[in-house]
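K.L.:
Here's a structure for you.
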Amino acid sequence: MTMKKMNLSICALAIALCYGCADQKKQASDQVLEIIDNVNSYWQNNNAATVSSFWDNAAYHTGNMEAYRLTQNPDYLQYSTDWAEHNDWMGAKSNDKSEWKYSYGESDDYVLFGDYQICFQTYADLNSIAPDSQKMARAREVMEYQMSTPQSDYWWWADGLYMVMPVMTKMYKLTQNPLYLEKLDEYLTYADSIMYDEEVGLYYRDGKYVYPKHKSSNGMKDFWARGDGWVLAGYAKILSDLPRNAPNRAKYEERFKTMAQAVASCQQPEGYWTRSMLDPEHAPGPETSGTAFFTYGLLWGINNGLLDEAIYQPIVNKSWEYLTTVALQPDGKVGYVQPIGERAIPGQVVDANSTANFGVGAYLLAACEMYRNLAQN
């Protein structure tokens, strides 16, 4: 997509949202589809599907599957299928349960670590399209073993809420086993106890970053944008799957709305969120992965009636403008993605050439939700 076309998409979007013209809405919707195809084709043409099931690759596939759900493009489906088959529908591959761990680790014995469980989201999505019990056998083995243990501290970092909360709701949909929802709440209650700041309404990345033990360079509470982006998006995903009468649904909806308000309050005038959300000078400049996750979450909230359109639509319009005119490069590369890490780092270079699989996944989620937003407005 050329820069001229990207600017036209913003113009068409603004006209459609401001004046409600059916023709302009159709033009804006078509251009969002064009953006999705441009971004996803660029990624898939430049990156093999035959990579590990670890979190960064798996996070991309959550966006790819959402793009498939929207567009029905068979290339997207095949790409995720090839990835799942390459990984034998598994995360970490140890079969010795006595060795299974859930602190940080990348070896095959970290079966209970959420970064090796996020792949189960995509396996569940693929299974819903073409059911086969073998696709979900490992997911069931792992998650049901985990739920049989007395531990509740499995989600000790903010990213883990995106990695595994949706696994629990997807597995509930598949099995109708209520234990998945009971353990979802138990594990989330633990996560809240160590990471959630009631005063601000946001999550610290993990226990190391809780104020005042840790402060930003200007002495403020340091909430990492991608970390809170993971969480807001994770809430949107579980609320998409939870039954209306689920025991804790109202509680999760309230937390989602509280987070949305906190997120909206610290958006920068240019439409993006800085890496340290409350201290823009700590690590200034645009960052795409957090911004894309926030855009997805806020749009999902508008589209599903949880967030007031009059308040939140202008916020997502600004962030979408950033995503399409600054983050998106003419060849389809998604830029300004902070590299793998766990915090806002002063002086770290994040520019138009900074891209990553998880950032593309977040971008696709936001774009799909923007298309739905246009379709119902």
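The values are calculated or read from the model by the stated rules, or taken from the named source; none is laboratory data. As the structure is a prediction and not an experimental result, all values here were calculated from the model. Methodologically, a virtual Cβ is constructed for each residue, glycine included, from the backbone with ideal geometry; neighbour enumeration extends over all protein chains shown.
K.L.:
In segment 331-354, which residues are buried (at least 24 other Cβ atoms within 10 Å of the Cβ) and within 20 Å of residue 34 (Cα to Cα)?
P.N.:
Listed by number, the list holds a single entry, 334.
K.L.:
Still on this structure, I have one more. Taking the conditions exactly as written (small (Gly, Ala, Ser), out of contact with any strand residue (DSSP E or B) (no Cβ under 7 Å at 6 or more places or on another chain) and outside any helix (DSSP H, G or I)), does residue 128 satisfy them or not?
P.N.:
In short, no.
K.L.:
Among the residues of segment 356-364, is there at least one that is farther than 28 Å from residue 209 by Cα and either without any contact (Cβ under 8 Å) to a residue 60 or more places away in the chain or among the hydroxyl-bearing types (Ser, Thr, Tyr) (or both)?
P.N.:
Scanning segment 356-364, I find no residue that is farther than 28 Å from residue 209 by Cα and either without any contact (Cβ under 8 Å) to a residue 60 or more places away in the chain or among the hydroxyl-bearing types (Ser, Thr, Tyr) (or both), so the answer is no.
K.L.:
Only residues that are in a helix (DSSP H, G or I) and more than 13 Å from residue 326 (Cβ to Cβ): list them for segment 276-293, please.
P.N.:
289, 290, 293
K.L.:
May I ask you to say which residue of 364, 374 is assigned to a helix (DSSP H, G or I) and within 16 Å of the chain's Cα centre (by Cα)?
P.N.:
Exactly one residue qualifies, and that residue is 364.
K.L.:
Suppose we keep only residues that are among the hydroxyl-bearing types (Ser, Thr, Tyr) and under 19 Å from residue 177 (Cβ atoms) within segment 96-145. Which one would you say is surrounded by the fewest Cβ atoms within 10 Å (Cβ to Cβ)?
P.N.:
133
K.L.:
I've got another one for you. Condition test on residue 336, is it hydroxyl-bearing (Ser, Thr, Tyr), in contact with a Gly (Cβ under 9 Å, 6 or more places away or on another chain) and farther than 20 Å from residue 41 by Cα?
P.N.:
Taking the combined requirement at face value, the residue does not satisfy it.
K.L.:
Quick check on residue 281: is it farther than 30 Å from residue 335 by Cβ, surrounded by fewer than 16 Cβ atoms within 10 Å (Cβ to Cβ) and either charged (D, E, K, R) or modelled with pLDDT under 95 (or both)?
P.N.:
On the way: farther than 30 Å from residue 335 by Cβ: no; surrounded by fewer than 16 Cβ atoms within 10 Å (Cβ to Cβ): yes; either charged (D, E, K, R) or modelled with pLDDT under 95 (or both): yes.
Judged against the criteria, residue 281 is not a match.
K.L.:
Next question. Could you grab the pairs with beta carbons closer than 9 Å, sequence gap of 6+ or different chains, first residue in segment 307-330 and crowded, with 19+ Cβ neighbours inside 10 Å and of a type outside the set (S, T, N, Q), second one assigned to a helix (DSSP H, G or I) and modelled with pLDDT under 95?
P.N.:
What qualifies is 320/10; 320/13; 321/10; 321/13; 321/14; 328/6.
K.L.:
Taking the stated definitions as given, is residue 96 in contact (Cβ under 8 Å) with a residue 40 or more places away in the chain and charged (D, E, K, R)? Reasoning before the result, please.
P.N.:
On the way: in contact (Cβ under 8 Å) with a residue 40 or more places away in the chain: no; charged (D, E, K, R): yes.
No: the conditions fail for residue 96.
Each row is one residue, and each column tells you yes or no for (1) free of Cβ contacts under 8 Å to residues at least 40 places away in the same chain; (2) closer than 26 Å to residue 58 by Cα.
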site	(1), (2)
197	yes, no
206	no, yes
211	yes, no
221	no, no
226	no, yes
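K.L.:
Every residue in segment 155-192 that is of a type in the set (Val, Ile, Thr) and over 18 Å from residue 255 (Cβ atoms), please.
P.N.:
167, 175
K.L.:
Can you tell me how many residues in segment 1-40 are at pLDDT below 50, more than 14 Å from residue 317 (Cβ to Cβ), part of a helix (DSSP H, G or I) and touching a helix residue (DSSP H, G or I) at 6+ places or on another chain (Cβ under 6 Å)? Quick ask: steps written out before the conclusion?
P.N.:
First, the residues of segment 1-40 that are at pLDDT below 50: 1-12, 14-19.
If we keep only those that are more than 14 Å from residue 317 (Cβ to Cβ) as well, we get 1-8.
Narrowing further to those that are part of a helix (DSSP H, G or I): 3-8.
Next, from what is left, pick out any that are touching a helix residue (DSSP H, G or I) at 6+ places or on another chain (Cβ under 6 Å): 6.
The qualifying residues number 1.
K.L.:
Related question: Report whether or not residue 296 is surrounded by fewer than 24 Cβ atoms within 10 Å (Cβ to Cβ) and assigned to a helix (DSSP H, G or I).
P.N.:
no
K.L.:
Any residue in segment 63-89 that's buried (at least 17 other Cβ atoms within 10 Å of the Cβ): show its pairings with residues that are modelled with pLDDT under 95 at Cβ separation under 7 Å, as long as the two are six or more apart or on different chains.
P.N.:
Nothing qualifies.
K.L.:
Hey, does segment 162-177 have a residue that's of a type in the set (Val, Ile, Thr) and in contact with a strand residue (DSSP E or B) (Cβ under 8 Å, 6 or more places away or on another chain)?
P.N.:
Keep residues of segment 162-177 that are of a type in the set (Val, Ile, Thr), which gives 164, 167, 169, 175.
Those left that are additionally in contact with a strand residue (DSSP E or B) (Cβ under 8 Å, 6 or more places away or on another chain): none.
Scanning segment 162-177 turns up no residue that is of a type in the set (Val, Ile, Thr) and in contact with a strand residue (DSSP E or B) (Cβ under 8 Å, 6 or more places away or on another chain).
K.L.:
For segment 69-107, enumerate the residues that are of a type in the set (Asp, Glu), more than 24 Å from residue 40 (Cα to Cα) and not in a helix (DSSP H, G or I).
P.N.:
Once the filter is applied, which keeps residues that are of a type in the set (Asp, Glu), more than 24 Å from residue 40 (Cα to Cα) and not in a helix (DSSP H, G or I), segment 69-107 yields 96, 106.
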